[in-house]
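To keep things clear, I will list the structure first and then write my remarks on it.
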Amino acid sequence: MTSAIRPVPGSVTVRVPAKVNLQLAVGPPREDGYHPLVTVFHAVSLFDEVTVTTADRTSLKIAGEDAAAVPVDRSNLAWKAASALVKATGLRGSAVCIEIRKRIPVAAGLAGGSADAAATLVACNELWQTGLTQRELMVIAAGLGSDVPFALIGGTAVGRGRGEHLTPALAAGSYHWALAFGHQGLPTAQVYATIDRLRAARAARAAGPATRPAHAASAGTPPPGEPELSHPLMTALRSGDPARVGPLLSNDLQPAALSMQPELRRTLAAGREHGALGAVVSGSGPTCAFLASDAAHAREIAVAMTGAGVCRTVARATGPAPGAVVVRDGQLA
Ligand code: ATP
């Protein structure tokens, strides 16, 4: 990678999308605690914007959706991204003011923090003229978090491992979504812990009434299998027909999100009642994603969901959206 290139003055703005998971298959935790995943990421037109400006010392400002819930210190993923780029390139003495305009709700299963990290990588790479390729940025991104590499490329892609090993998916057409945001976020780690507990309890039940979860494996109850890609979903995506894609949306974390926020059942049911072709919790939730047949239908679902009072607010979005892109003079570069 490039080393010790001098930063140029000025500022750079990058627009970056949220994601929904069209499929999220979660295996049992590995020894290192991570759950192996197979997921189909789909970037949607709900964007954060990150501006980096040359400064004497690094700082971070946040405005917009849920701004108060986001740290403004080194623990912010965007700050970590700038530091990781400095480390990877050997650039010394560089500092930036990072300004994040959030539209992606926080802790919502839409990977907003990861999106900001990806945007910061692209913005600093441009500001500092570090000249890293997207492939090189992807390596740094994977070290920051499992969802960060996808925010760099956007579109629709299959993620494996922890989600960071990506293969672009052959998906035709565009998809119209209504996204229902919850009143409270769901911490991703707790959602994974809950799915492990629910699965252990289910295994114990299957093994017999007197068997506790810890004994389930020795009682011969099979653990959840390795996650597998849904080939019917991939075929449906190639057809470009939302009516085929809708019923195939799936999320292994949904039972955990529903047990932590039971009111999400009503949200999903309301979307289905209003004709959504598919209804699924996105990622670790609590955002519920409803697939519509076209833009007008997405508007109808959004209006109906707002009227039903089963969520905090509703946004419309289309996918697939591009990944992190530099904005120049208000235009995407
Ligand atoms: P995940 O990518 O794990 O599915 P999520 O999309 O549900 O996460 P995020 O919006 O990324 O949730 O926020 C998760 C946590 O990360 C929040 O508790 C927040 O405090 C922290 N965080 C750190 N940096 C950021 C950032 N730039 N934007 C949003 N959250 C951030």
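Points to keep in mind about this one:
- Residue in region 187-203 that is more than 10 Å from the ligand (Cβ to nearest atom), of a type outside the set (Lys, Arg) and touching an Asp or Glu at 6+ places or on another chain (Cβ under 9 Å) present: yes
- Residue pairs whose Cβ atoms lie under 8 Å apart, separated by 6 or more positions or on different chains, with the first residue in region 317-333 and of a type in the set (Val, Ile, Thr) and the second part of a loop (DSSP other than H, G, I, E, B), are 318/174; 325/333; 326/333; 327/333.
- Subset of region 31-46 (residues that are surrounded by fewer than 16 Cβ atoms within 10 Å (Cβ to Cβ) and either within 13 Å of the ligand (Cβ to nearest atom) or in contact (Cβ under 8 Å) with a residue 60 or more places away in the chain (or both)): 34
- Residues of region 108-166 that are polar (S, T, N, Q) and at positive phi: 129 alone.
- Condition check for residue 121: within 16 Å of the ligand (Cβ to nearest atom), closer than 16 Å to residue 39 by Cβ and crowded, with 20+ Cβ neighbours inside 10 Å: no
- Inside region 97-118, residues that are among the acidic types (Asp, Glu) and crowded, with 24+ Cβ neighbours inside 10 Å make up a count of 1.
- Applying the condition of being touching a Gly at 6+ places or on another chain (Cβ under 8 Å) and hydroxyl-bearing (Ser, Thr, Tyr) to region 168-222 and asking which residue is modelled with the lowest pLDDT yields 188.
- Condition broken by residue 291, with the remaining ones in (1) without any contact (Cβ under 8 Å) to a residue 12 or more places away in the chain; (2) closer than 23 Å to residue 151 by Cβ satisfied: (1)
Results for (1) of a type in the set (S, T, N, Q); (2) more than 13 Å from the ligand (Cβ to nearest atom), shown as yes or no for each residue.
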residue: 28; (1), (2): no, yes
residue: 48; (1), (2): no, no
residue: 63; (1), (2): no, no
residue: 97; (1), (2): no, yes
residue: 106; (1), (2): no, no
residue: 109; (1), (2): no, no
residue: 115; (1), (2): no, no
residue: 134; (1), (2): yes, yes
residue: 141; (1), (2): no, no
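- Filter pass, residue 146 being more than 20 Å from residue 69 (Cα to Cα) and under 11 Å from the mean Cα position of the chain (by Cα): yes
- Scanning region 294-310 for residues that are of a type outside the set (D, E, K, R) and either in contact with an Asp or Glu (Cβ under 9 Å, 6 or more places away or on another chain) or without any contact (Cβ under 8 Å) to a residue 40 or more places away in the chain (or both) gives 296, 303, 304, 306, 307, 308, 309, 310.
The values are calculated or read from the model by the stated rules, or taken from the named source; none is laboratory data. The structure presented is a predicted model; accordingly, all values stated were derived computationally and were not measured. Heads up, the Cβs are rebuilt from the backbone with ideal geometry, glycines too, and the neighbour counts pull from every protein chain shown.
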